1. Taking only Cα atoms, what is the 0 to 90° angle, nearest 10, from helix 70-86's long axis to the longest principal axis of the chain?
2. Using only the Cα atoms, what convex hull volume per residue in Å³ does region 45-92 have?
3. Can you give me the relative contact order of region 14-58 as a percent, contacts being Cα pairs under 8 Å and 6 or more apart?
4. Which shape class applies to region 28-69: rounded if a/c is under 1.5, otherwise prolate when a/b exceeds b/c and oblate if not, where a ≥ b ≥ c are the square roots of the Cα gyration tensor eigenvalues?
5. What percent do you get for the relative contact order of the chain when only Cα pairs under 8 Å and 6+ apart count?
6. Take every Cα-Cα pair in region 2-86 and report what % of them are more than 16 Å apart.
7. Packing-wise, with mean Cβ within 10 Å as the measure, how do 42-53, 73-84 rank, highest first?
């Protein structure tokens, strides 16, 4: 029962980690490419549709994370599970 619970928890936390990392990468890409003005919490208008979509995605995930805190908690759990899964197992 315990292993099923942790398997289900991993199935929830790993995608949350991927979404938060993708949103962070999108915001970094928008900041670096220079086609958008500085980001604010209200929004941003970019020069191209692709940059606009990246900025919208990053800001949507960021605002939802700051508002509820749920995605960042799940992402931290996913990071902990990832580090535990990548750690080499010792044979006793």
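1. So the inclination is approximately 50 degrees.
2. Working: hull volume 3.6 nm³, N = 48.
That works out to 76 Å³ per residue.
3. Working: 37 pairs, mean separation 17.4, N = 45.
Answer for region 14-58 is 39 percent.
4. Taking the square roots of the gyration eigenvalues as a ≥ b ≥ c, region 28-69 is prolate.
5. On the way: 77 pairs, mean separation 34.5, N = 92.
Relative contact order, the chain: 37 percent.
6. Working: 1971 of 3570 pairs.
Of all Cα-Cα pairs in region 2-86, 55 percent lie more than 16 Å apart.
7. On the way: 42-53: 12.8, 73-84: 15.4.
Taking the mean over residues of other Cβ atoms within 10 Å, the ranking is 73-84, 42-53.
Only the coordinates and a few stated rules stand behind these numbers; no lab work does. This is a predicted model, so every value here is computed, not measured. Using ideal geometry, Cβ is built from the backbone for each residue, glycine included, and neighbour counts are taken over all protein chains shown.
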